[in-house]
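All remarks here apply to the structure that follows.
Here, each number is a calculation from the coordinates, and none is a lab measurement. The shown structure was predicted, so the numbers you read here are calculated from the model rather than taken from an experiment. Here the Cβ positions follow ideal geometry from the backbone for every residue, glycine too, while neighbour counts run over all protein chains shown.
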Amino acid sequence: MEYNFLEIERSWQAFWANNKTFKVETDPSKPKYYVLDMFPYPSGAGLHVGHPLGYIASDIYSRYKRLKGFNVLHPMGYDAFGLPAEQYAIQTGQHPAKTTEKNIERYREQLDRIGFSFDWTREVRTCDPDYYKWTQWAFLEMFSHWYNKKSGKAEKIEELVKVFACEGNAGVEAACGDTEIFTAVQWNSLSIEEREKILMEYRIAYLGETSVNWCAALGTVLANDEVKEGLSVRGGHPVEQRKMRQWQLRVSAYAERLLNDLDELSWSDSLKDMQRNWIGRSQGAEMVFRVFNGSKEYNLEIFTTRADTVFGATFMVLAPESEWVEKLTTEDQKVAVEEYTKYAKKKTERERMAETKKVTGVFTGSYAINPFTNEKIPVWISEYVLAGYGTGAIMAVPAHDSRDYTFAKHFDLPIIPLIEGCDISQESFDAKEGIMCNSGFLNGFTVKQAIPAAIEEVEKLGIGRRKVNFRLRDAIFSRQRYWGEPFPIYYKDGIATPMELKNLPLELPEVDKFLPTESGEPPLGRAENWTFGGYPVEKSTMPGFAGSSAYYLRYMDPRNSEALVSKDANNYWRDVDLYIGGTEHATGHLIYSRFWNKFLFDLGFVCEKEPFKKLINQGMIQGRSNFVYRVKGTNKFVSLGLKDKYDTTEIHVDVNIVSNDRLNIDAFRAWMPEYADAQFELENGEYICGWAVEKMSKSMFNVVNPDMICEKLEPILFGCMKCSLALSNRASLGIQTE
Amino acid sequence: MFLGPLEQSKPWDTNGIDGVHRFLKRFWRLFFNKDTFEVSNEQATPAELKILHRLIKKVQEDIENFSFNTSVSAFMIALNELYELNCNKKAILEPMVILISAFAPHIAEELWSRLGNPGSVSFAAFPEYVEKFTIEDSFEYPVSFNGKLRFKLTLSILLNAKEIEAAVLADENTQKYLGAGSIKKVIVVPKKIINIVC
């Protein structure tokens, strides 16, 4: 008897659905195992072929763990807020909720046909008010907590207020913004507005000034990857760096823990390194240089990891957006500096970091005093210094830092070597090794000895102190868009005031158009009565990563209306044992989720300090392109084996009309009008196509729709066969992988 | 950490679907006698158990290492070997259905149910790997005369050098190649070679 694939597959898929075969409950008699896929954004194009291959791997593993006697949690859902649905809404007027719903339906159909063992009773959608209630709740918790560095965790802001009222803030060690020291008496005499302004500097979710990519034409802030060469990727409108008051999450408070806890995770070394670099811990010193602009003198603070090289600091550099630029620009240099900062404003930080060839900069006209040599050194401005790292100003030591070196060479600034015998004729000597010279009291020390000795001297001179610095920034949490979670915040006499849990979810209001208002407010400014108790409600919405930061917790207890996740469910399922997804999330979602989890851990809502124990990044799926060969100047196509006899052009052909490298000639004629009367020269009655492995893209006609897998027999097995076949091809071709 | 094929980039390849198709059809046919579902309740032989337990070991290791593609080729090899032995024994096929259910759940459910099991194969127990079934119990010795290979002789690995010598001398092939000559010395290296000096 022949195996009737289609009939048997349909009947067992129905069996699984009807019997809820893969529905799981907490079961203390069995060990748990939690297998999670990064949930998809339901785009209009349907499932991408890269999705199912990751899902197939996690499904095989889930089924294996079930056979091994584990109680397996294997859920699926949708990361449903996002820009494409909003853009579509702007173009067509179709409500993003509708578009999203339709897309989700299609995704579900596609997923079902592959035969995954998901527990669909636990499905979540981030745009569902019952779901985003808990995203808003977490934000409120962040708003009402501060990070105590002494206890190393988040604590209630009410407790902080009590401390302020009793003893002021001198004894408080907090991860916070700029605050001045005040006494209890001073605190108690402050107005509510003044107190709230100070507390805002302490909250973990806070409103603060930050530099953003502002696109006036689109009326919104853009993420770095939405900007290219000073223009918005969408529409090509000018984008500039602008200071704006935005909601932010104090992710930086958790930098040390995010770094240290990486050690315990079963993640690939490359992924851990990406996070380590992103967090970017450096140990060094903060120190003050005296600067003067001809009329006034200031103390300019800088951060350096190489205090041992102060003797070689021959100039200083400010970031173009630094507040020092205005203070230190002299009358003579004003025009040149203004022109330069205008140029720098057009570039995103990422572009500036990536810029290594072009050297740009301008002299402020001011000078600083090197505290070790007492020499007068010029203060410059250049885009290679970033405002957010350290203090946005650096001491430049061209002999021992490659970017300073390039800059000094370009602008002909002095370069003083500080290591005996180092060769700096072609490039700087960046290694932290050798014996110090030209360095006063440090002469004769090794670099390793000189670093702490120099910091000690800095502290002794009273011009600075030891300091650990992180590259990790706070996350900007406001978007001037419609299709996201509204903030449960209203403005009472101008003061940002939180709603309460009982007011949640705060549902997204209806608007007539999904565009900014005429006066430049976000789309929620169009909503009627967007108020709370008569007060105006926040008009920006949360970013894409808000909803995906804690979804793995919600799956543990998805229908709970009292809590994000119950204690019982969380104590049983604990954390994700295996997480599968792409590396593109290495420094976004995977940092935010870990931060979110640690915050909730501090508050006692979750029992594990890390969310994802083991993580595997599935590789990229490349396309296998097919080619036909057209004889130049004709409409004649010759089969692969004959192409060397003619002068031909290689043309990509849609892989969907090629099977086993044999071209379907009728389909080819129908494919494009210009081929309707094409002539063919065949081999043994067939047209053989050439092929190559390339990036999967529409322009190469090699994009495969996953429906294709669904039509295959035993889709899961097929998916994993694909890997094996693909690998043997790859090996024989020596194709470069990532 | 182990870098499995899952983590590598790979091209999407629509060719080769026939291989999957053929494999599944052949697997299915093992359970049928023409149009009738028929599996034997006979005890499995050591050779059959060896095929099964090698496969259990391989599949388990591969899944733990996220190297699923190599599991699939192991299934294909095992299937070929079972065909050679004409094996349709439940004692072998039923555990194989469980093994394959992680990769090809639909066909596994159908066969599992036809084997008379209630419910889904998803909650069956993963077959336990028993090492003794996979240990080689015999060795195929190359038998040489004055260093020249003449024939091969399969003997139990439990035999010592003396017993091996006795066995090789008693073999009719030895008489054939010895002819009229006489044996000067028999060199035996257990689990390696036998050399007859004459």
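Here the range A:450-496 and the range A:677-694 have alpha carbon centers that stand 61 Å from each other.
For residue B:57 and residue A:264, a Förster radius of 30 Å and the Cβ-Cβ distance give a FRET efficiency of 0.50, rounded to the nearest 0.05.
Taking GluC sites (Glu not before Pro) across the range B:122-198, the ones in a DSSP loop with at most 16 further Cβ atoms lying within 10 angstrom of their Cβ are B:128, B:136. Placing a label point 7 Å from the Cα of residue A:194 along the Cα-to-Cβ direction, none of the residues of the range A:467-493 has a backbone N under 16 Å of that point. The simple spin-label model puts a point 7 Å past each Cα toward its Cβ; for residue A:492 and residue A:102 those points are separated by 4.4 nm.
Mean per-residue shielding of peptide B:66-73 is 6, counting Cβ atoms of other chains within 10 Å of each Cβ. Counting neighbouring beta carbons within 10 Å and listing from fewest to most, the residues B:68, A:15, A:139 come out as A:15, A:139, B:68. With neighbours defined as other Cβ atoms within 10 Å of a residue's Cβ, the residues A:113, A:630, A:466 order from fewest to most as A:466, A:113, A:630. Normalised by the number of residues in the range A:9-101, the mean separation of alpha-carbon contacts (under 8 Å, six or more apart) gives a relative contact order of 34 percent. In the protein assembly as shown, the DSSP-assigned H stretches of four residues or longer account for a calculated mean residue ellipticity at 222 nm of -10000 deg cm²/dmol, using -39500 (n - 2.57) per stretch and the full residue count as denominator.
Among A:91, A:48, A:628, whose Cα sits farthest toward the positive end of the charge dipole of the protein assembly as shown (+1 at Cβ of Lys/Arg, -1 at Cβ of Asp/Glu, about the Cα centre)? So the residue furthest toward the plus end is A:628.
Does the range A:623-694 classify as rounded, prolate or oblate by the C-alpha gyration tensor (a ≥ b ≥ c root eigenvalues; a/c under 1.5 gives rounded; else a/b over b/c gives prolate, otherwise oblate)? Rounded is the answer for the range A:623-694, as its axis ratio a/c remains below 1.5.
Indicate, rounded to the nearest 5 percent, the antiparallel portion of the DSSP beta bridges found entirely in chain A.
80 percent
Of the residues A:157, A:293, B:188, the one whose Cα sits farthest towards the positive end of the charge dipole of the protein assembly as shown is B:188 (charges of +1 on Lys and Arg Cβ, -1 on Asp and Glu Cβ, taken about the Cα centre). Shown in residue order for the range A:166-176 are the 3J(HN,Hα) couplings computed by the Karplus curve 6.51 cos²θ - 1.76 cosθ + 1.60 at θ = phi - 60°: 8, 9, x, 10, 4, x, 8, 10, 10, 7, 8 Hz (x for Gly and Pro).
Annotation: amide H-H contacts under 5 Å for residue A:149 (H modelled 1.01 Å from N, sequence separation of 5 or more, or interchain): A:173, A:174, A:175.
Placing dummy labels 7 Å off each Cα toward the beta-carbon, the span from residue A:184 to residue A:27 is 5.8 nm.
Any idea how far the Cα center of the range A:278-342 sits from the one of the range A:345-403, in Å? After rounding, the separation between the Cα centres reads 7 Å.
Grab the other residues whose beta carbon is less than 13 angstrom from that of residue A:192, score K and R as +1, D and E as -1, and report the net. Net of charged neighbours comes to -1.
Once both labels are positioned 7 Å from their Cα atoms along Cα-to-Cβ, the gap between residue A:567 and residue B:176 label points is 8.3 nm.
Per-residue 3J(HN,Hα) values for the range A:418-435, derived from phi via the Karplus relation 6.51 cos²θ - 1.76 cosθ + 1.60 with θ = phi - 60°, read 10, 10, 4, x, 7, 9, 10, 6, 10, 8, 6, 9, 8, 5, 8, 8, x, 9 Hz in sequence order (x marks Gly and Pro). Remark: A:315, A:470 ranked as A:470, A:315, counting other beta-carbon atoms within 10 Å and listing the fewest first. Using the Cβ-Cβ distance between residue A:355 and residue A:167 with R0 set to 56 Å, the FRET efficiency works out to roughly 0.70. Farthest towards the positive end of the charge dipole of chain A, among the residues A:679, A:248, A:121, is the Cα of A:121, using unit charges on the Cβ of Lys, Arg, Asp and Glu. The Cα atoms of the range A:1-54 give a gyration tensor whose axes a ≥ b ≥ c have a/c of 1.5 or more with a/b no greater than b/c, which makes the shape oblate. Can you list the trypsin sites (Lys or Arg not before Pro) in the range A:353-388 that are in a DSSP coil and have 14 or fewer other beta carbons within 10 angstrom? Sites meeting the loop and neighbour criteria: A:357, A:358. Under a model in which nothing but the beta-carbon of Lys, Arg (+1) and Asp, Glu (-1) is charged, chain B shows a dipole of about 860 debye around its Cα centre.
With +1 on the Cβ of every Lys and Arg and -1 on the Cβ of every Asp and Glu, and nothing else charged, how large is the dipole of the protein assembly as shown about its Cα centre, in debye rounded to the nearest 20?
The dipole of the protein assembly as shown has a size of about 1800 debye.
Just checking the listed ones, B:180, B:124, B:108: in the Gaussian network model of chain B with Cα springs under 10 Å, the one fluctuating most is B:180. The range A:46-106 and the range A:134-168 have Cα centres separated by 36 Å.
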